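Participant: Below are the structure tokens for one structure; questions will follow.
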Amino acid sequence: MFAATAQRAFGFGRMAAPTKSAPYTRAVVNAMRKLYPEVLADKSFDNTGLLLEAPYDPLRRQMNSVMLTVDLTKAVADEAIERQDSIVVAYHPIIFRGLKALTLNDSQQSSLLRLAAEGISVYSPHTAIDCARGGLGDWLADIVTGTPTELAEDEPPNELTEDETLPDENPADDSAFIRTSSPTKKPPSEPATDGDASSTHLAPKRPIYMLQHHPSQLDLKQEALSLGGQNHKRYPIRSTAVPGYPGAGMGRIVRLPSPVPLPEIIDRIGLGLGNPKGFPIAVPQGKQASEMTIQSIGICAGSGGHLFGEMEKDGEEVDLLFTGELSHHEALAAIEKGRCVITLFHSNTERGFLHGVLKGQLESTVAEEWERIRNEEKQKDGVDEHLMEALNDEHVEVHVSEMDRDPYGIMISKAEAPPE
């Protein structure tokens, strides 16, 4: 018993074989590089590609599954280990700068060490997805242009036609926090009245707050928004310098053929991103959101400040900045110039892409790559029975993490029943 354990743990009793990653992991990496070439990534600051290549042990092989996530947190690592995924595709690089040590004292390093011990690799595409044509920038552009999405089978279509408009906002509401769900009929702090005079003597309801995180969109069953659903002009804020990739670049600028009311844009964003409880916007002082019309939009997933600065230096004027986050001073400068700003928190502009686009792309592309690798490996000499067993498994799975979420949520005010 001890000898068998030692043999597996330390390799006693068998010749050392060349260290490789799992064949299925190689299929996933090949598929990602085919869909979103690493050459498109912004290497001036980014760290993309295969960041952790875990050695493959045929005696303890993982499932033929890949997990998609925006951030590789401890909870996400636990999820991948529990399901025995072969590889995690983490949009944000967990290794961003040089490491001088790998220890268990650091939470991110600990996750990497635990994943490696389980034979799970980590790949990060980050700005390659941002830059690619049909990638994250185009997905967000599809949303703001009103291109319809495929809804779940039990949901009715909810698309705006050219003749439909949204109800005007309450003119007395100066809040820059726009709710995309229907408002309650009565303010939460208003005491209940049902015609009984005694009800006015009830203790006022105390406001309580409930933390709401952005929807994960895991309940959406169909694929992404299709490109070019409405007549408009679209081009990158900064085009890629890599030859052979027309239309690729960082960020997107959208120019609509005619002005659209800002509340309609807000409705499109809410629908396209899973109907969150609300998100912050900024409008010029003295204006209401219902008074603003939008004909041009600057789009950047994640943090848009730097890229929007480049856009302005290039002389590109837009009516709306749509991004994940913008600093206080950047937002203030924008509204002083008459622009509007919509932010969703950093990763909420990225997470829906994983389920809406990348999952479906990988399911088909990984299947092709896995078939090719299986056939190639089977033709090699000296394939042992354990590796052959893995190569005979044609099963392919792609999952989106259920634990991944933006660190920020929104505290929604609710009404608490009066004490008895």
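Participant: Touching a His at 6+ places or on another chain (Cβ under 7 Å), open to solvent by less than 10 Å² (accessible area, probe 1.4 Å) and assigned to a loop (DSSP other than H, G, I, E, B) - does that describe any residue in segment 130-151?
Facilitator: yes
Participant: Next up: Out of (1) part of a loop (DSSP other than H, G, I, E, B); (2) touching a residue at least 12 places away in the same chain (Cβ under 8 Å); (3) open to solvent by 10 Å² or more (accessible area, probe 1.4 Å); (4) out of contact with any Gly (no Cβ under 9 Å at 6 or more places or on another chain), the odd one out for Lys100 is which?
Facilitator: Of the numbered conditions (1) part of a loop (DSSP other than H, G, I, E, B); (2) touching a residue at least 12 places away in the same chain (Cβ under 8 Å); (3) open to solvent by 10 Å² or more (accessible area, probe 1.4 Å); (4) out of contact with any Gly (no Cβ under 9 Å at 6 or more places or on another chain), the odd one out for Lys100 is (2).
Participant: Let me ask something additional. Considering only residues of segment 396-414 that are within 26 Å of the chain's Cα centre (by Cα) and surrounded by fewer than 14 Cβ atoms within 10 Å (Cβ to Cβ), which is nearest to Ser21 (Cα to Cα)?
Facilitator: Across segment 396-414, the extreme among qualifying residues is Glu402.
Participant: Now a separate question. Can you pull out every residue in segment 400-415 that is under 30 Å from Met63 (Cβ atoms) and in contact with a Leu (Cβ under 7 Å, 6 or more places away or on another chain)?
Facilitator: Result: Val400, Ser401, Glu402.
Participant: Next question. Does Val89 qualify as being touching an Asp or Glu at 6+ places or on another chain (Cβ under 8 Å) and either over 26 Å from Phe353 (Cα atoms) or touching a residue at least 60 places away in the same chain (Cβ under 8 Å) (or both)?
Facilitator: Values: touching an Asp or Glu at 6+ places or on another chain (Cβ under 8 Å): no; either over 26 Å from Phe353 (Cα atoms) or touching a residue at least 60 places away in the same chain (Cβ under 8 Å) (or both): yes.
No; evaluated as a whole, the condition is false for this residue.
Participant: Testing Ser110 on (1) small (Gly, Ala, Ser); (2) surrounded by fewer than 16 Cβ atoms within 10 Å (Cβ to Cβ); (3) not in a helix (DSSP H, G or I), one condition comes back false. Which one is that?
Facilitator: Unmet for Ser110, out of (1) small (Gly, Ala, Ser); (2) surrounded by fewer than 16 Cβ atoms within 10 Å (Cβ to Cβ); (3) not in a helix (DSSP H, G or I): (3).
Participant: Mind listing just one residue for me: the one in segment 317-358 that is among the charged types (D, E, K, R), at pLDDT below 95 and touching a strand residue (DSSP E or B) at 6+ places or on another chain (Cβ under 6 Å) and, of those, farthest from Asn275 (Cα to Cα)?
Facilitator: Glu325
Participant: Let me ask another. Taking Gly286, is it touching a Phe, Trp or Tyr at 6+ places or on another chain (Cβ under 7 Å) and small (Gly, Ala, Ser)? I'd like the intermediate steps shown before the answer.
Facilitator: Working: touching a Phe, Trp or Tyr at 6+ places or on another chain (Cβ under 7 Å): no; small (Gly, Ala, Ser): yes.
Against the criterion (touching a Phe, Trp or Tyr at 6+ places or on another chain (Cβ under 7 Å) and small (Gly, Ala, Ser)), Gly286 does not qualify.
Participant: How many of the residues making up segment 245-254 are open to solvent by 10 Å² or more (accessible area, probe 1.4 Å), farther than 16 Å from Thr127 by Cβ and at pLDDT 95 or above?
Facilitator: Total satisfying the criteria: 0.
Participant: Test Leu51 against the stated conditions and say whether it is open to solvent by 70 Å² or more (accessible area, probe 1.4 Å) and touching a residue at least 24 places away in the same chain (Cβ under 8 Å).
Facilitator: no
Participant: I want to confirm something. Restricting to segment 303-328 and keeping residues that are over 19 Å from Arg234 (Cβ atoms) and touching a Gly at 6+ places or on another chain (Cβ under 9 Å), which single residue is surrounded by the fewest Cβ atoms within 10 Å (Cβ to Cβ)?
Facilitator: To start, the set of residues in segment 303-328 that are over 19 Å from Arg234 (Cβ atoms) comprises 303, 305-306, 309, 313, 324-328.
Now narrow it down to the ones that are touching a Gly at 6+ places or on another chain (Cβ under 9 Å): 303, 324-327.
Details: Ser303: 17, Gly324: 21, Glu325: 21, Leu326: 23, Ser327: 10.
The qualifying residue surrounded by the fewest Cβ atoms within 10 Å (Cβ to Cβ) is Ser327.
Participant: Same structure, new question: Being buried (at least 17 other Cβ atoms within 10 Å of the Cβ) and assigned to a helix (DSSP H, G or I): is that true of Val88 here?
Facilitator: When the stated conditions are applied, Val88 does not pass them.
Participant: Do you know which residues across segment 55-78 are open to solvent by 20 Å² or more (accessible area, probe 1.4 Å), at pLDDT 95 or above and in contact with a helix residue (DSSP H, G or I) (Cβ under 7 Å, 6 or more places away or on another chain)?
Facilitator: The answer is Asp71, Lys74.
The values are calculated or read from the model by the stated rules, or taken from the named source; none is laboratory data. Since the structure is predicted, the reported quantities are computational estimates derived from the model, not experimental observations. Note that we place each Cβ from the backbone using ideal geometry, even for glycine, and neighbour counts take in every protein chain shown. Heavy atoms of the whole protein, side chains included, go into the accessibility calculation; ligands, DNA and RNA do not. Shrake-Rupley method; radii C 1.70, N 1.55, O 1.52, S 1.80 Å.
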